[in-house]
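K.L.:
Can you read through this structure? Questions will come right after.
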Amino acid sequence: MAAERRAEVTWRGELLTGQGTITSVGSGAFGPLDVTWPSRAEDSDGRTSPEELIAAAHASCYCMALSNGLTKGGNPPEELRASATVTLVPGTGITSSALTVVGRVPGIDAAGFQAAAEAAKDGCPVSGALTGNVELSVEATLE
């Protein structure tokens, strides 16, 4: 069964001096959140950006995919800590999403963890949405 998620945004004004608000999300988990062009291309100044939200989505999706892959391989993780850094180049667009993950996984060596980390980067649904559009990378460290 397909899952659909929804977010609502209001924007006022032109791009460079206007501002928007992510007024709500279907789950009610957050909102309202302010968005502006400067929060995307300059200093966030307490506001979010689409790229920050993509980074959060990518890091959380990636952790789920890696956890699943490790578990299916017989090495369920105790803990995975991931971050994603999404780069926006004004005038070009989003150019990369760099994942970093630190894992505590009993019974696996560094090479096995790196292989699982790469497979999760390629298999995560958010990575799939970004593939072919942005450069994807992962740096994996086993504790």
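K.L.:
Within region 111-143, track down each residue that is part of a helix (DSSP H, G or I), among the charged types (D, E, K, R), surrounded by fewer than 21 Cβ atoms within 10 Å (Cβ to Cβ) and in contact with a helix residue (DSSP H, G or I) (Cβ under 9 Å, 6 or more places away or on another chain).
P.N.:
Of everything in region 111-143, just one residue is part of a helix (DSSP H, G or I), among the charged types (D, E, K, R), surrounded by fewer than 21 Cβ atoms within 10 Å (Cβ to Cβ) and in contact with a helix residue (DSSP H, G or I) (Cβ under 9 Å, 6 or more places away or on another chain), namely 122.
K.L.:
Given the criteria in the same structural domain as residue 131 (by TED's automatic domain parsing) and either more than 22 Å from residue 134 (Cα to Cα) or surrounded by 14 or more Cβ atoms within 10 Å (Cβ to Cβ) (or both), does residue 78 qualify?
P.N.:
Here the answer is yes, as residue 78 does meet what is asked.
The values are calculated or read from the model by the stated rules, or taken from the named source; none is laboratory data. Quick caveat: nothing in here was measured; it's all calculated off a predicted structure. Cβ sites come from the backbone with ideal geometry, for glycine too, and all protein chains shown count toward neighbours.
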